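The values are calculated or read from the model by the stated rules, or taken from the named source; none is laboratory data. Given the structure is predicted, the values throughout are model-derived calculations rather than measurements. Cβ atoms come from the backbone with ideal geometry, glycine included; neighbour counts cover every protein chain shown.
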Amino acid sequence: MYTFQGGSTDGANPQAGLVQDNSGNLYGTTQFGYAYPTAGINTGTVFKLTQTSDSQWTESIIYAFCAQFLCADGSGPLGGVVLDKAGNLYGTTDLGGANQVWGAVFGLTPGAPNAMWNEVVLFSFEQGPAGFNPHVGVILDSAGNLYGTAYQGGAGEYGTVVEVTP
């Protein structure tokens, strides 16, 4: 369907599954690659695959994480994204966030047509009881709560389950 090129307009190293919207578009993340070639840092992307009239698939980057390593918006997503009824996406990054190295839960809302989506950090992990470095995405319940896991941290340093509420 699609082969990543790993260049400045593409992503690299997708680690998780895809989610499909009502129009048949597919959304996912790449751990590396990004749309800012001058930065020289690969901090990950959220991408969209759209099927064309000739049954080919085209990829577009809908969000490229910050052009600095360990940026506040997150970097290095390993998990996939989930889609809510309004068409917003939610996911996690393994690194970055407000505490720079422990990861984040993010939300994306559609921008103008053919433009990057708008990102907001919903939760920044930190070393300690809440856990840190989420390696998987989140799930979404009917009330809009997000649930996920953190690979490390917690009372015994063996990971946690987290809930992020609207």
Pairs only if they're at least six apart or on different chains, beta carbon under 9 angstrom, first in the range 136-152 and over 23 Å from E126 (Cβ atoms) and without any contact (Cβ under 8 Å) to a residue 40 or more places away in the chain, second surrounded by fewer than 17 Cβ atoms within 10 Å (Cβ to Cβ) and not β-branched (V, I, T); list them, first residue then second.
D141/Y147; A143/P166
All but one of (1) modelled with pLDDT of 90 or more; (2) exposed (fewer than 15 other Cβ atoms within 10 Å of the Cβ); (3) touching a strand residue (DSSP E or B) at 6+ places or on another chain (Cβ under 8 Å); (4) not acidic (D, E) hold for G6, so report the exception by its number.
(1)
Can you name the residue in the range 124-157 that is touching a Gly at 6+ places or on another chain (Cβ under 8 Å) and farther than 15 Å from D94 by Cα and is also surrounded by the most Cβ atoms within 10 Å (Cβ to Cβ) among such residues?
G154
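Only one residue in G107, G80 is outside any strand (DSSP E or B) and at pLDDT 95 or above, so which one is that?
Numbers: G107 fails: outside any strand (DSSP E or B).
Of G107, G80, the one residue that is outside any strand (DSSP E or B) and at pLDDT 95 or above is G80.
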Residues E163, E126: which one is in a strand (DSSP E or B) and either modelled with pLDDT under 95 or charged (D, E, K, R) (or both)?
E163
